[in-house]
Amino acid sequence: MVYPLETNSNLALCQVIADRITETSQRRITFADFMDLVLYHPEHGYYSKKAVSLGKQGDFFTSVHLGADFGELLAIQFAQMWEILGRPVPFSLVEMGAGQGLLALDILHFLRERCLDFFPDLDYIIVEKSSALRQQQQQRLQGFPVRWCNIEELPSQSITGCFFSNELVDALPVHQFVLEQGQLQEIYVTTKQNLNIEFLEVIGDPSVPQLEQYFDLIDIDLKTYPDGYRSEVNLAALPWLSQVADRLQRGYLLTIDYGYSASHYYNPRRTQGTLQCYYQHRHHNNPYVNIGQQDITAHVDFTALEKWGERCGLNKVGFTQQGLFLMMLGLGDRIAALSHTKQPLSDLLHRRDALHQLADPLGLGGFGVLVQSKGLNATETQQVLKGLSVPEKI
Ligand SMILES: C[S@@+](CC[C@H](N)C(=O)[O-])C[C@H]1O[C@@H](n2cnc3c(N)ncnc32)[C@H](O)[C@@H]1O
């Protein structure tokens, strides 16, 4: 199929992609390279724009846009982690992919007001790829003790505390594949050779052996899948996890995102994968329109994070749904307390709606929460995290 450019596409970015394609010997780039350029090209990428359109009025919103509750409840979990680790000084909280800095603000504000003994021991670090968003974060977090760095700048084994992310892994570039005559073939992007830039997909052998090896990791036998089955693989999540594991000396990794276990993700009936594009609060599955103006995401395969984590020395502490996780941290009490508050009715209804959205199993409440740990001793390992103090589900 040929995808002509929509007028909404960033033409400078399209030219960059077309040039990149022309420079290659086979005149094609992987879909992962295409997605990386579209989202993260330092000048024209979606996340590099000065005014990235996130939030209720933007292209999409996340839990952090529903008010301070999400961050405050996470802060309660971090405070317990600090206690379990024996109140280390410093306790580092490393937020990866911090968006507009809203979550950091809610966490830091809550800890400064409510956890007077923990706050002074806190070392808050943000790892953010987009320089435009990094600037927004720096403005928003003025007055708070936060430092920014690339993950490569953190020395190996230097972190005692917790790495965490909300909707980061779904934003990493994915490879796309299709099965043809029982063989895994990769989807590449090329241009049609005419005057205008038009992108089209071509199919070829996998660009890297890791693509097929991935299915050994998650124990999925693609031989049993029908021809034409198409999906995606988030290979970038694996080196990301290795880097985090290498930097973490003692503590936790908390990953919140939408996704499934591998057997659900690669359900033979889900024949077109999970890739989604978000543009002005509408979603669709065509990444070749609105280039540079729309977000592109794919669901997260939590089994891969668990299995690769084990290879890097990260132990699974638990996996649950966001709604349950937040309930155990006090979301239910907050909902119950609404009936005793004296707020204008419209504010009350607005807040009730926000709290219910955080819990809704068909929406944000159905997101996955994976906690992994490293370097904990036997006593620390036995301590149950508040957010996970319900039967495990996957
Ligand atoms: C979907 S947004 C989520 C933002 C925020 N966590 C929230 O919940 O609203 C993804 C964020 O991850 C950042 N990001 C993407 N890849 C990254 C990487 N490899 N390292 C650090 N940040 C990254 C993006 O720039 C953006 O800030």
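Filtering segment 331-346 to residues that are under 23 Å from Leu74 (Cα atoms) and of a type outside the set (Val, Ile, Thr) leaves Leu331, Gly332, Asp333, Arg334, Ala336, Ala337, Leu338. I'd like the residue in segment 95-123 that is of a type in the set (Asp, Glu) and under 19 Å from Leu248 (Cβ atoms) and, out of all such residues, is nearest to the chain's Cα centre (by Cα). Among them, the one singled out is Glu95. When you go through Gly309, Gly318, Gly313 one by one, which is the residue that is in contact with a strand residue (DSSP E or B) (Cβ under 6 Å, 6 or more places away or on another chain), surrounded by fewer than 18 Cβ atoms within 10 Å (Cβ to Cβ) and in contact (Cβ under 8 Å) with a residue 60 or more places away in the chain? The unique qualifying residue is Gly313.
Only strands (runs of 3 or more DSSP E) whose full extent lies in segment 156-263 are considered here, and the ones with at least 3 residues that are in contact with a Gly (Cβ under 6 Å, 6 or more places away or on another chain), surrounded by 19 or more Cβ atoms within 10 Å (Cβ to Cβ) and modelled with pLDDT of 95 or more are 159-166. Within segment 287-341, if we keep just the residues that are among the small types (Gly, Ala, Ser), over 30 Å from Asn10 (Cβ atoms) and assigned to a loop (DSSP other than H, G, I, E, B), the residue that is nearest to the chain's Cα centre (by Cα) turns out to be Gly313.
Between Lys342, Lys307, the distinction of being basic (Lys, Arg) and within 30 Å of Lys374 (Cβ to Cβ) belongs to Lys307 only. Tell me whether segment 280-287 contains one or more residues that are within 14 Å of the ligand (Cβ to nearest atom), at pLDDT below 95, out of contact with any helix residue (DSSP H, G or I) (no Cβ under 7 Å at 6 or more places or on another chain) and under 19 Å from Leu362 (Cα atoms). Taking every residue of segment 280-287 in turn, at least one turns out to be within 14 Å of the ligand (Cβ to nearest atom), at pLDDT below 95, out of contact with any helix residue (DSSP H, G or I) (no Cβ under 7 Å at 6 or more places or on another chain) and under 19 Å from Leu362 (Cα atoms). When each of Arg140, Arg147 is tested for being touching a helix residue (DSSP H, G or I) at 6+ places or on another chain (Cβ under 8 Å), more than 9 Å from the ligand (Cβ to nearest atom) and either within 27 Å of Tyr40 (Cβ to Cβ) or in contact (Cβ under 8 Å) with a residue 12 or more places away in the chain (or both), the lone residue that passes is Arg140. When only residues in segment 45-55 that are at pLDDT below 85, part of a loop (DSSP other than H, G, I, E, B) and within 12 Å of the ligand (Cβ to nearest atom) count, which is surrounded by the most Cβ atoms within 10 Å (Cβ to Cβ)? That would be Val52. Is it the case that Glu152 is within 15 Å of the ligand (Cβ to nearest atom) and modelled with pLDDT of 95 or more? For Glu152, the condition - within 15 Å of the ligand (Cβ to nearest atom) and modelled with pLDDT of 95 or more - is met.
The values are calculated or read from the model by the stated rules, or taken from the named source; none is laboratory data. Here the structure is a predicted model, which is why all the values come from computation and not from measurement. Ideal geometry is used to build each Cβ from the backbone, glycine not excepted, and the neighbour counts take in all protein chains shown.
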